[in-house]
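Colleague: What follows is a single structure, and I will ask about it in a moment.
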Amino acid sequence: LNESAIQAELAKTLALLGIKQINTYFYHSFKEYESGTHLMQKLLECKKKGLIRKIGVSIYTNDELLTVINDPDVDVIQLPFNLLDNYSQRGSLLKEAKQKGKGLQARSVFLQGLFFKDLDNLPAQLMPLKPYLQDVKDLAKKNSLTMESLCLQYVSAQKEIDEIIIGVDNKEQLIHNLNSVNTKLSAELCEHINSIKVSENSLLYPYNWVRA
């Protein structure tokens, strides 16, 4: 999308949705953000006109996170965050992001469904994650929680996270997910999860799974 097309596309989107303003307009990836810095001025103009409220960037790695934290024009950061890609991996940067006034959205809460897999049938390239996955499965069982509840409750317990992004197949599933976060995790359980540190952190990014 070039500079001249941004406002036209925004106008089209607003018309299709029947709204006057988009809450957050995202760079879909850090690569798009990095190569499209020339578009930021146009996005800022659209923000000034009230067509968008906030400008966001979707990232994966901590290096990417640090870069966008330090960009004053970025309002919202969307990042993976879950039981394994957890506070031990990102905690200090999440604190820094909040200190700089960034909104934080968590995605990949279920790690592309990996938390629900049969651990005896993991693909060979993901076997290094088996001990960590077993640990969280044991925690769920010990605390009489479904894996879904443990995943959602852990992320919702983090004060730095403002919003959680999940996909659902139907209304019933959405209601079930919402009900899963009605109960709060104990501080002790959160601390246990926070202490899980995955050494093979490249495997926390699904785009590496086929190449691992």
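Colleague: Of everything in region 116-129 that's within 22 Å of the chain's Cα centre (by Cα) and in a helix (DSSP H, G or I), which residue is surrounded by the most Cβ atoms within 10 Å (Cβ to Cβ)?
Modeller: Step one: filter region 116-129 for residues within 22 Å of the chain's Cα centre (by Cα), giving 116-117, 126, 129.
When the remaining residues are screened for being in a helix (DSSP H, G or I), the result is 116, 126, 129.
Details: Phe116: 14, Leu126: 17, Leu129: 19.
By that ranking, first place goes to Leu129.
Colleague: Let me ask you something else. Considering only region 137-212, give the helices (runs of 4 or more DSSP H) lying wholly within it that have at least 1 residues that are in contact (Cβ under 8 Å) with a residue 40 or more places away in the chain and of a type in the set (A, V, I, L, M, F, W, C). Can you show your working first?
Modeller: Working: elements: 147-156, 171-180, 187-194.
Where helices (runs of 4 or more DSSP H) fall fully within region 137-212 and carry at least 1 residues being in contact (Cβ under 8 Å) with a residue 40 or more places away in the chain and of a type in the set (A, V, I, L, M, F, W, C), they are 147-156, 187-194.
Colleague: If you don't mind, there's one more thing I want to ask. Could you say whether any residue in region 134-142 is surrounded by 15 or more Cβ atoms within 10 Å (Cβ to Cβ) and within 24 Å of Leu93 (Cα to Cα)? Quick ask: steps written out before the conclusion?
Modeller: Our first condition is that a residue be surrounded by 15 or more Cβ atoms within 10 Å (Cβ to Cβ); within region 134-142, this holds for 135-137, 139-140.
If we keep only those that are within 24 Å of Leu93 (Cα to Cα) too, we end up with 136.
Checked against the condition, which is being surrounded by 15 or more Cβ atoms within 10 Å (Cβ to Cβ) and within 24 Å of Leu93 (Cα to Cα), region 134-142 yields at least one hit.
Colleague: Still on this structure: Limited to region 163-187, what total is found for residues that are farther than 19 Å from Ala97 by Cα, under 19 Å from the mean Cα position of the chain (by Cα) and hydrophobic (A, V, I, L, M, F, W, C)?
Modeller: Count: 5.
Residues are listed down the side, and each one gets a yes or a no for (1) closer than 22 Å to Ile196 by Cα; (2) touching a residue at least 24 places away in the same chain (Cβ under 8 Å); (3) out of contact with any Asp or Glu (no Cβ under 6 Å at 6 or more places or on another chain):
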| residue | (1), (2), (3) |
| --- | --- |
| Val68 | no, yes, yes |
| Val76 | no, yes, yes |
| Leu79 | yes, yes, yes |
| Leu83 | yes, yes, yes |
| Leu93 | yes, yes, yes |
| Ala106 | yes, yes, yes |
| Leu111 | yes, yes, yes |
| Leu119 | yes, no, yes |
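Colleague: Right, another one. With respect to Glu160, determine if the residue is of a type in the set (D, E, K, R), open to solvent by 20 Å² or more (accessible area, probe 1.4 Å), within 22 Å of Gln89 (Cβ to Cβ) and under 22 Å from the mean Cα position of the chain (by Cα). I'd like the intermediate steps shown before the answer.
Modeller: Values: of a type in the set (D, E, K, R): yes; open to solvent by 20 Å² or more (accessible area, probe 1.4 Å): no; within 22 Å of Gln89 (Cβ to Cβ): yes; under 22 Å from the mean Cα position of the chain (by Cα): yes.
Criteria not met by Glu160.
Colleague: Might you let me know whether region 114-126 holds any residue that is closer than 18 Å to Gly167 by Cβ, at pLDDT 95 or above and in contact with a strand residue (DSSP E or B) (Cβ under 8 Å, 6 or more places away or on another chain)?
Modeller: no
Colleague: Could you list all residues from region 188-208 that are more than 16 Å from the chain's Cα centre (by Cα) and open to solvent by 70 Å² or more (accessible area, probe 1.4 Å)?
Modeller: Glu188, Glu191, His192, Ser195, Lys197, Ser199 - these are the residues of region 188-208 that are more than 16 Å from the chain's Cα centre (by Cα) and open to solvent by 70 Å² or more (accessible area, probe 1.4 Å).
Colleague: Kindly indicate which of Glu163, Glu188 is touching a strand residue (DSSP E or B) at 6+ places or on another chain (Cβ under 8 Å) and among the charged types (D, E, K, R). Give the steps one after another, and end with the answer.
Modeller: Working: Glu188 fails: touching a strand residue (DSSP E or B) at 6+ places or on another chain (Cβ under 8 Å).
Only one candidate passes the filter, namely Glu163.
The values are calculated or read from the model by the stated rules, or taken from the named source; none is laboratory data. Here the structure is a predicted model, which means the values were calculated and not measured. FYI the Cβ positions are ideal-geometry reconstructions off the backbone, even for glycines, and counts take in every protein chain you see. Quick note on the areas: whole protein, heavy atoms, side chains included, nothing else; ligands and nucleic acids left out. Shrake-Rupley method; radii C 1.70, N 1.55, O 1.52, S 1.80 Å.
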